[in-house]
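Participant: One structure is given below, represented as structure tokens, and several questions about it will come after.
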2 protein chains.
Amino acid sequence: MDLKTLDVFLDVARAGSFAAVAHARDLDPSSVSRAIADLETDLGVRLFQRSTRRLALTEAGDVFLGRVEPLAEELRRARDAAVQVSGAPRGRLRLTASVTFGQRCLLPRLPEFRRRYPDLALECLFTDANLDLVADRIDLAVRLAPAIEGDLVASKLMDTRYRVVAAPAYLDRSPPLERPADLQAHRCLRFTLGAYRTRWLFRDAQGAIETVPVDGDLTLSPAGALREAALLGLGPALLPDWLIDEDLAGGRLRQLFPGWAATATTFDTAAWAVYPSRAFLPQKVRVAIDFLRESLAAQASSK
Amino acid sequence: MDLKTLDVFLDVARAGSFAAVAHARDLDPSSVSRAIADLETDLGVRLFQRSTRRLALTEAGDVFLGRVEPLAEELRRARDAAVQVSGAPRGRLRLTASVTFGQRCLLPRLPEFRRRYPDLALECLFTDANLDLVADRIDLAVRLAPAIEGDLVASKLMDTRYRVVAAPAYLDRSPPLERPADLQAHRCLRFTLGAYRTRWLFRDAQGAIETVPVDGDLTLSPAGALREAALLGLGPALLPDWLIDEDLAGGRLRQLFPGWAATATTFDTAAWAVYPSRAFLPQKVRVAIDFLRESLAAQASSK
DNA sequence: TCCATTCGTGCATATCGTGCACGAATGACG
DNA sequence: CGTCATTCGTGCACGATATGCACGAATGGA
């Protein structure tokens, strides 16, 4: 049973004519005739009594019409409802990012986002666990990486950089840190993740890369905790710019080796908006991506 | 949008797997995958987020599911309702017959019919106008004719015969009526319709046909009125057996020329149940035909 | 009676649905 | 981490179905 056929049935019942409906729908009358005949066969019930000039609903046809007419309308509504949910910046958006990035870069932007899209409810899952977009029904993930692999679609929000920093008080009472290699004489504040614990990489203005072994008696996670330790003057730390830019500007932290790019993994990395598919992208996701890109870009360009 | 596709969608939403649904329905998984993809294209909305091991409804998919789930059930009900109306001896039956036949042969049978089929409402249109089955939405017509022509379906209920009759009092005071030709000396009671007004036909035991011109100063319609005139002794009348059998048995009328078959049109004629179509014949019509055939046949065999 | 319109059907063809084969991705398991 | 079974998506071929066209029969109006 085809919904188009049901619509044809409704039209024929109203018009009392196959030919009139065929004309209105730009179909051949034989198609309408057959569609109705097929529907009758499908149902096992005669819906119309026919003569060439007259068409009348049977009692069964009457009953079917009464039942089916509201349903056709409901189905249109079902479609419209689905389209509307998808097409409008409303509904519920499930967003995930790491704890620190979420709190540092996304949370402060929520008031403005809410102001712009008051019909859009946000569900933020800030976690350092790498949530599965399908299984956890995530609409949008913000991920920090040099690039995004796999089937997922990614849209770059902003570039990110790492810097080695330390508190002024730490620097005042410590041996000088003029070159990256000087770190080896210091107890560095290390991030929990693999490469961050053993060696940091530096690239100078000419592009030469230097690997510096690092060690220390403090390993921390998440990145926000590392920042706190650095602010407390516990040692040098390798931290992302978006986390410490304000501390640097406020003098609470100082950047070491400003002529060098620093990292523990890759020098070129970014924050990405990641979502499962481009096809039929709900509007709510679209506007969130655009908002974040715009907002974070504005932050980046003010450095 | 196909209802089968909607059912597949519902199954997939419940099972969270294309493959499982394909297996349950004995389909290839690619068919399920395509059906859902086509539905998404049709709607312009993504209903599921997919990974090979995981399938999750989108928010739009959720909304659509909630809307569509009750509709599938309602459509099944619509079909069932139509089938039920058609399949059961219930509902409303529109029946037509000529005034006289209706009152004489059908009306007395209504109590028994109602007793048998209490859920079946009868709408009887006894009229001498030849109603159109389609335009007037007649389920069943009882027609008196030698045969039924055209597209309509006819089922013979019983044979009918005409007889020339007169009241005993009329015969006592009139010239003798021993042969059909004797009618010419009498003022016959004539029926309004064409051939009944000018000549009656007689066929003897050997099959020889004699045409007798008839005349008189009284022309009547319907047949019941003609019968009344005959009972009043106003003259000889050509009347159908079903109308006068009881009068003959009660001696109120006498049959003339018993060795001859009489008619104004054709000698072999019958009462027919006529209905628009055999295809998907509603049960209510079926039982009415069967009832009338059985009941009228019983009347015929008791003569 | 004539004629325009309508429904139904045969036929040919275009379109669509579906199975099969296969590749890529996913997770569970050892 | 590697292996493997399972799952979804896609190309291809082919069968099934939908549809237009032509035409005949019937209907009703003039």
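The values are calculated or read from the model by the stated rules, or taken from the named source; none is laboratory data. Please read all numbers here as calculations on a predicted model, not as lab measurements. Cβ atoms come from the backbone with ideal geometry, glycine included; neighbour counts cover every protein chain shown.
Participant: Among the residues of segment A:181-209, count how many are loosely packed, with under 15 Cβ neighbours inside 10 Å and either touching a helix residue (DSSP H, G or I) at 6+ places or on another chain (Cβ under 8 Å) or in a helix (DSSP H, G or I) (or both).
Facilitator: So the count comes out to 5.
Participant: Turning to a different aspect of this structure: Quick one: A:F113 ticks every box in (1) within 15 Å of the chain's Cα centre (by Cα); (2) within 13 Å of chain B (Cβ to nearest Cβ); (3) closer than 15 Å to A:Q283 by Cα; (4) not hydroxyl-bearing (S, T, Y) bar one, so which box is it?
Facilitator: The single condition A:F113 does not satisfy is (2).
Participant: Pick from segment A:26-71 the residues that are within 14 Å of DNA strand D (Cβ to nearest atom) and among the acidic types (D, E): which of them is nearest to B:S86 (Cα to Cα)?
Facilitator: Per the stated criteria, the residue is A:E40.
Participant: Taking A:G150 as the residue in question, decide whether it is within 16 Å of DNA strand C (Cβ to nearest atom), at pLDDT 90 or above and either within 11 Å of chain B (Cβ to nearest Cβ) or exposed (fewer than 15 other Cβ atoms within 10 Å of the Cβ) (or both).
Facilitator: Criteria not met by A:G150.
Participant: Output the number of the condition that B:V99 fails; it satisfies all remaining conditions of (1) facing chain A (nearest Cβ under 7 Å); (2) touching a strand residue (DSSP E or B) at 6+ places or on another chain (Cβ under 8 Å); (3) β-branched (V, I, T).
Facilitator: Answer for B:V99: the failing condition is (1).
Participant: Before we move on, is B:S86 more than 10 Å from every other protein chain (Cβ to nearest Cβ), of a type in the set (S, T, N, Q) and away from DNA strand C (no atom under 14 Å from the Cβ)?
Facilitator: Here the answer is no, as B:S86 does not meet what is asked.
Participant: Go through (1) over 30 Å from A:L57 (Cβ atoms); (2) more than 8 Å from chain A (Cβ to nearest Cβ); (3) of a type in the set (F, W, Y) one by one and return the number of the condition B:F64 breaks.
Facilitator: Checking B:F64 against (1) over 30 Å from A:L57 (Cβ atoms); (2) more than 8 Å from chain A (Cβ to nearest Cβ); (3) of a type in the set (F, W, Y), the one that fails is (2).
Participant: Would you mind stating whether A:R161 is within 16 Å of DNA strand C (Cβ to nearest atom) and touching a residue at least 24 places away in the same chain (Cβ under 8 Å)?
Facilitator: no
Participant: Further question on the same structure: Among the numbered criteria (1) surrounded by fewer than 21 Cβ atoms within 10 Å (Cβ to Cβ); (2) more than 25 Å from A:D62 (Cα to Cα); (3) within 9 Å of chain A (Cβ to nearest Cβ); (4) within 15 Å of DNA strand D (Cβ to nearest atom), which one does B:K4 miss?
Facilitator: Checking B:K4 against (1) surrounded by fewer than 21 Cβ atoms within 10 Å (Cβ to Cβ); (2) more than 25 Å from A:D62 (Cα to Cα); (3) within 9 Å of chain A (Cβ to nearest Cβ); (4) within 15 Å of DNA strand D (Cβ to nearest atom), the one that fails is (2).
Participant: If you go through segment B:7-25, how many residues are within 44 Å of the chain's Cα centre (by Cα) and loosely packed, with under 15 Cβ neighbours inside 10 Å?
Facilitator: Total meeting the criteria: 1.
Participant: Before we move on, is A:D26 among the acidic types (D, E) and at pLDDT 90 or above?
Facilitator: no
Participant: Kindly indicate the residue of segment A:39-53 that is touching a residue at least 12 places away in the same chain (Cβ under 8 Å) and within 11 Å of DNA strand C (Cβ to nearest atom) and also nearest to the other protein chains (Cβ to nearest Cβ) among those meeting that condition.
Facilitator: A:R46
Participant: While we're here: What tally of residues in segment A:211-246 results from selecting those that are loosely packed, with under 15 Cβ neighbours inside 10 Å, within 15 Å of A:R163 (Cα to Cα) and in contact with a Leu (Cβ under 8 Å, 6 or more places away or on another chain)?
Facilitator: Selection size over segment A:211-246: 1.
Participant: Considering segment A:79-90 alone, what residues qualify as being small (G, A, S) and surrounded by fewer than 21 Cβ atoms within 10 Å (Cβ to Cβ)?
Facilitator: Those that are small (G, A, S) and surrounded by fewer than 21 Cβ atoms within 10 Å (Cβ to Cβ): A:A81, A:G87, A:A88.
Participant: I would also like to ask the following. Provide a single number: the residues in segment A:27-38 that are in a helix (DSSP H, G or I) and either near DNA strand C (Cβ under 9 Å from one of its atoms) or at the interface with chain B (Cβ under 10 Å from one of its Cβ atoms) (or both).
Facilitator: Selection size over segment A:27-38: 8.
Participant: Still on this structure, I have one more. Report the residue count in segment B:96-138 for those that are in a helix (DSSP H, G or I) and at positive phi.
Facilitator: Total satisfying the criteria: 0.
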